[in-house]
Amino acid sequence: MSAYLPLLGIAIVVIGFLLKFNPLLVVTVAAFVTGIAAGFDPLAVLAALGKSFNDNRFVTIVYIVLPVIGLLERFGLQQRARALIAGFKGATAGRLLLAYLLMRQAMSALGLTSVAGHAQTVRPLVAPMGEAAAETQLGGLDEDTRETVKSYAAATDNVGLFFGEDIFIAIGSILLIKGTFETYGIEIAPLHLSLWAIPTAVLAFLIHGARLLLLDRRLAHSSPRHPRESGDPASSYGSVMKKRDSRVRGNDEGGGS
Amino acid sequence: MITLTWLYILGGAMFAAFAILSAADRTHAKRLGNAAFWGLIALSFLAGDHLGDLGNGMLVLCLVGLAGFGLVGRGDPETTSVKEREALSARLGNRLFLPALIIPVTALLGTIAYNYTPFGQSGLFDPKWVTLILLGIGALSAVAVTMLWLHPPVLAPLQEGRRLMDSVGWAALLPQMLASLGAVFALAGVGDIIGGLAGAVIPEGNRFVAVAVYALGMAGFTMIMGNAFAAFPVMAAAIGVPLLIQAYHGDAAVIGAIGMLAGFCGTLMTPMAANFNIVPAALLELKDRNGVIKAQIGTALPLLLCNLLLIYFLAF
């Protein structure tokens, strides 16, 4: 039975997350319980934690884009993203996210995974554009619907990344598969692995894409068109932005070249 | 050669600035806690390689203590109001997108140029980290262009960065911490135990059940570890190699590639994959920390089933 003791750490993680304790605390406690249950000295566990934390700093480096994103938000980037989408007649949240899904998957398949992401593109551009499209669809957004649209924006980024990147032959996961099998004397060419990632990539696009279009239908049914026509800040905001947008775009076309 | 270390110095300097600005922010209820938190992360980026494993371990404990006991919170640095932003957005027009596009375009064109033109022979960048380094260069250029164009206060990029960083808060460290937990799990042999258990539930001679346990095990163990990379070697050792490839003579490329993608379906469904699921919820200021996961389950479950069937029909 004691052979299974290290699994205690997993139980702690699951319970800790369910009870909504601070995840950093939960993870740390789980690490110590797991290590000690497996017979390691607490200091050895601490050293293992420290070493791995230091080796994985690159995960946190992506925040260096935040100053410029924040700076542009200061000058109205999110409002601009909204206005741009509100100017398109047929734009819906679902179609917009579908286009983003395709782009994200295609870029990832070319190995360009860090080009987009939650900090780089979703927060400043994709989420506000999705919200704006939904606003035009419904003539106003309640808090819950806004949450749903933003959640779908983040979800779409993840799906596009995960099920695009394995088509690229030099991505970490492909190399990991190759390396793992090699230890058993099984040789595979990375190209074979990336080819077999294509069926799942297509299915991921179809399944998530269908859900995005269903999101549009759900939005259409969730509230009557143009509720609270007057006095609703969101809807009047949308129409004001539309007018502004055409004016500004006109300016750009005039002085652009 | 520009290496990851350069990027760490840039990141360290940025977090150090967040720490100083937090400490100086008298309106911030938790200014000292935030200053300590971002300061320790700055220390990690700038000097992590010189702290030793135990030193880094202590640093982790301090960070967890600060976050776990509620000493880190959101500040509210001075910025423009929504009204001002709407006016600015209308005045500046679509040109506002140009600086935002500098980052992805630099990363995109730079990576392509580095891989497919003689520029790659220059050895200017560490080849392992080209895109990430270009991301840093793009971010710096975008700040420079915006500063020159719009002349905001000198500290504005750092204050605005701090505003966004505060909205992510301690969740920013969760991905790195979960990677560390994975390392401890590996040390303690958790993977072998799980692999053994998974292998033991398969009745002999039933190929479909073997495939199902492999695919579902990849997803399930990925949900526990937060990372398909940690799950793959375990499931390969327990089921993929001995049963599917060696006993049933399945195609190794299919079993490897689609098995990994079954694991990715698990990534979509777990808070343990914090950088994909929890950090975006914080970045987008969602009320529900699990909102992103909830939006993904409807894609992940059918796709997992598809992967299971793909392995069963394509590998044999």
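Coordinate-derived values only; no laboratory data. Just so it is clear, the structure is predicted and the values come from calculations on it, not from any experiment. We place every Cβ from the backbone using ideal geometry, glycine too, and count neighbours over all the protein chains shown.
FRET efficiency for the pair B:F119 and B:I20, taken as 1/(1 + (r/R0)^6) with r the Cβ-Cβ distance and R0 = 30 Å, rounds to 0.20.
Describe numerically, in nm with one decimal, the distance between label points set 7 Å from Cα along Cα→Cβ at B:K83 and at B:R289. Between B:K83 and B:R289, the label points sit 3.7 nm apart.
Our summary of shape: the Cα atoms of the range A:69-129 have principal axis extents of 32, 31, 11 Å, ordered from largest down, in whole angstrom. Binning the alpha carbon pair distances of the range B:4-68 at 10 angstrom intervals from zero yields the distribution 25, 47, 25, 3, expressed in whole percent.
Here, the range A:105-164 has an Rg and a Dmax of 12.7, 39 Å when only alpha carbons are counted. Using equal-weight Cα scatterers in the Debye expression, the normalised intensity of chain A in log10 at q = 0.11 Å⁻¹ is -0.85.
Taking the Cα centre of the protein assembly as shown as the origin and placing charges on Cβ (Lys, Arg +1; Asp, Glu -1), which of B:F264, A:S108, A:A210 is farthest toward the positive end of the dipole? My answer, from the dipole projection, is A:A210. The orientation-averaged projection of the convex hull spanning the C-alpha atoms of chain B amounts to 20.5 square nanometres.
When Rg and the Kirkwood Rh are both derived from Cα coordinates, the Rg/Rh ratio for the range A:2-59 amounts to 1.01. The calculated pair-distance distribution of the protein assembly as shown uses every alpha carbon pair, bins of 10 angstrom beginning at 0, and gives 4, 17, 27, 28, 17, 7, 2, 0 percent. Note on A:200-207: average number of Cβ atoms from other chains within 10 Å of each residue's Cβ is 5. Magnitude of the charge dipole for the protein assembly as shown, about its Cα centre and with charges confined to Cβ atoms of Lys, Arg (+1) and Asp, Glu (-1), is about 1460 debye. Extending 7 Å from the Cα toward the beta-carbon at both B:R95 and B:T5 defines two label points whose distance is 4.2 nm. What pairs from A:K20/B:K287; A:K89/B:K294; A:K51/A:K178 go past 24 Å between their alpha carbons? Checking Cα-Cα distances, A:K89/B:K294; A:K51/A:K178 exceed 24 Å.
In terms of overall dimensions, the C-alpha atoms belonging to the range B:1-129 reach 51, 50, 20 Å along their principal axes, ordered largest to smallest. When peptides A:31-40, A:112-121 are ranked by their average number of other Cβ atoms within 10 Å per residue, the highest-first order is A:112-121, A:31-40.
Averaged over the residues of B:8-14, the number of partner chain Cβ atoms lying within 10 Å of the residue Cβ comes to 3. With helices as the sole contributors, chain A gives -22500 deg cm²/dmol at 222 nm; each DSSP H run of n ≥ 4 counts as -39500 (n - 2.57), and the sum is divided by every residue. Close amide-amide hydrogen proximity is noted between B:I2 and B:F125, B:D126, each under 5 Å apart and 5 or more residues distant or on a separate chain (H modeled in the peptide plane; Pro and chain starts excluded).
If you plug the beta carbon distance of A:L5 and B:L61 into 1/(1 + (r/R0)^6) with R0 = 25 Å, you get a FRET efficiency near 0.60.
A Stokes-Einstein calculation at 4 °C with viscosity 1.567 mPa s, built on the Kirkwood radius of the range B:189-314 over Cα pairs, returns a diffusion coefficient of 88 µm²/s. Among A:T183, A:Q79, A:G164, pick out the residue whose Cα is farthest towards the positive end of the charge dipole of the range A:47-188, where Lys and Arg carry +1 and Asp and Glu carry -1 on C-beta, about the Cα centre. Toward the positive end, the furthest listed residue is A:Q79. Annotation for the range B:1-104: trypsin sites (Lys or Arg not before Pro) lying in DSSP loop with at most 11 further Cβ atoms inside 10 Å of their Cβ are B:R26. Loop-located GluC sites (Glu not before Pro) in the range B:24-100 (DSSP state not H, G, I, E or B) with no more than 15 neighbouring Cβ atoms inside 10 Å: B:E78. Remark: A:E147, A:E182, A:E131 ranked as A:E182, A:E147, A:E131, counting other beta-carbon atoms within 10 Å and listing the fewest first.
As an exercise, identify the trypsin sites (Lys or Arg not before Pro) in the range A:54-148 lying in DSSP coil whose Cβ has no more than 16 other Cβ atoms within 10 Å. Sparse-neighbourhood loop trypsin sites (Lys or Arg not before Pro): A:K89.
Quick one: compute the contact order of chain B, relative version, from alpha carbon pairs under 8 angstrom and 6+ residues apart, as a percent. Computed value for chain B: 15 percent relative contact order. Inter-chain Cβ neighbour count for A:193-199, averaged per residue, equals 6 (cutoff 10 Å, partner chain atoms only).
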